[in-house]
Structures are given as C-alpha cells and as structure tokens.
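Undergrad: My questions will all concern the structure given below.
Since every read-out is calculated from the coordinates, none of them should be taken as a lab result. These figures come from a predicted structure and were not determined experimentally.
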Amino acid sequence: MEILYIWVSTLAMKIKDLIILLLCLSANICFAQNDRESREAFTLKLAVDSVRFYQQEVKKSKYFVKENTLQIYPGEHVFVEAEIKEGIIESMKVVRENKNPSKTIEIEFLQNTEEKENTGMTLEVSNPFNKMLHYDAMMYIVGRNEWIKTSIIPVRSKLKSFEMWNDVIITLVLDNWRLEK
C-alpha cells in the first residue's frame with residue numbers, strides 16, 4: 001500500500017510538472033506569435049524613369065541586420081517595438097501588429113510614382129514616446145555602388161516625421177536609435 005502511495009504521489013508530481021511546462025510553453029508561443037523577425041522573399045521593382053525600372057530579388061531576410069539596425073525596402077510598413085530602460089532604447093524588434101502603441105515605432109517606406117516615373121521616395125516614422133526620437137540613416141540608390149549617409153530630422157514626441165528624397169532608393173538602413181535626454 002505504501003509503495004502504491006509513493007508511486008501515485010510521484011506520478012502526480014510528474015503530471016503537475018508536465019502541466020506547468022506545457023503552460024509555460026504555450027505562454028511563450030502566444031507571446032511570441034506577434035514577433036516578425038524576418039521578411040518573406042519578394043521582388044522589388046522600382047520605377048527609374050518613364051522607360052527604365054530597377055528590379056531585384058530580395059531573399060528572405062531579417063529586418064534587423066544587427067542589434068537595433070533596421071533595413072527597410074520601398075513598399076514595407078513595419079511596427080517596431082522598443083524596450084526603453086532609464087530613457088535608453090535597449091532593444092528593438094519588428095512585430096506583426098501594433099499591440100503596444102506606447103512603445104511601438106511605426107515606419108513606412110514608399111516610392112511615389114506618376115505615370116510609371118519616380119517622383120520621389122518617402123519615409124514616414126511615428127514616435128510614440130514622450131521624448132524626441134533620433135536615428136541615423138544610410139541609403140543605397142540606383143546607379144551608385146556604395147552606401148550614402150543621409151540627414152534625418154528628429155521625430156518630435158507623439159508625432160510623425162516625413163523624409164523625402166528625389167533619388168531612387170533601393171534600401172535604407174536606420175540605426176543609432178536614441179531618445180533626447
């Protein structure tokens with residue numbers, strides 16, 4: 001009888017441990033379902049002028065090419081959740097939905113065209129924070145084989161900024177994200 005009691009007690013503890021493990025795993029899966037680490041492969045096609053266009057196959061790739069360094073292509077619209085500690089952006093990740101508006105930067109990069117001709121590129125960045133948001137940017141444009149630094153205007157608290165260029169930009173890299181002290 002005592003052996004049966006020990007066996008039942010051991011079995012109950014294992015079942016309890018298994019239930020706790022399953023709950024933890026399901027919680028991790030539920031919370032991670034909003035993460036969007038990589039973009040799917042796609043064909044980037046940009047108008048250059050009324051006759052020419054630029055086309056590139058973009059492979060499945062991570063949005064963040066290194067810590068807090070976001071690469072974005074024309075046509076992409078991303079939500080970037082930022083973790084802030086003591087006024088410093090500690091980490092960033094792309095998410096599928098804006099479930100945490102108070103800490104999610106919304107970024108959209110577009111090519112504007114008129115009659116199949118480039119009329120400019122626009123980067124829209126929204127700042128959800130109570131402080132001015134700063135970042136740096138580099139662009140890779142059609143006709144050049146190098147990264148080019150470009151100036152960026154800081155985004156005021158709770159507002160959106162619009163950056164515009166006449167160049168046909170293949171991709172932008174946004175990094176050095178920081179809040180005004």
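Undergrad: Could you list, in their original order, any pairs among 45/93; 103/158; 103/131; 59/99 whose Cα atoms are separated by more than 21 Å? Walk me through the numbers on the way to the answer.
TA: Values: 45/93 26 Å; 103/158 11 Å; 103/131 12 Å; 59/99 28 Å.
45/93; 59/99, as the Cα separations exceed 21 Å there.
Undergrad: With respect to the cross-link table entries 66/149; 116/149; 116/160, which display a Cα-Cα separation exceeding 20 Å? Kindly include the intermediate steps, with their values, before the conclusion.
TA: Details: 66/149 18 Å; 116/149 27 Å; 116/160 28 Å.
Table pairs above 20 Å Cα-Cα are 116/149; 116/160.
Undergrad: Let me ask another. How many angstrom lie between the C-alpha centres of the range 110-181 and the range 79-105?
TA: 18
Undergrad: A further question follows. Counting C-alpha atoms alone, how compact is the range 31-128: give Rg to one decimal and Dmax as a whole number, in angstrom.
TA: 15.6, 52
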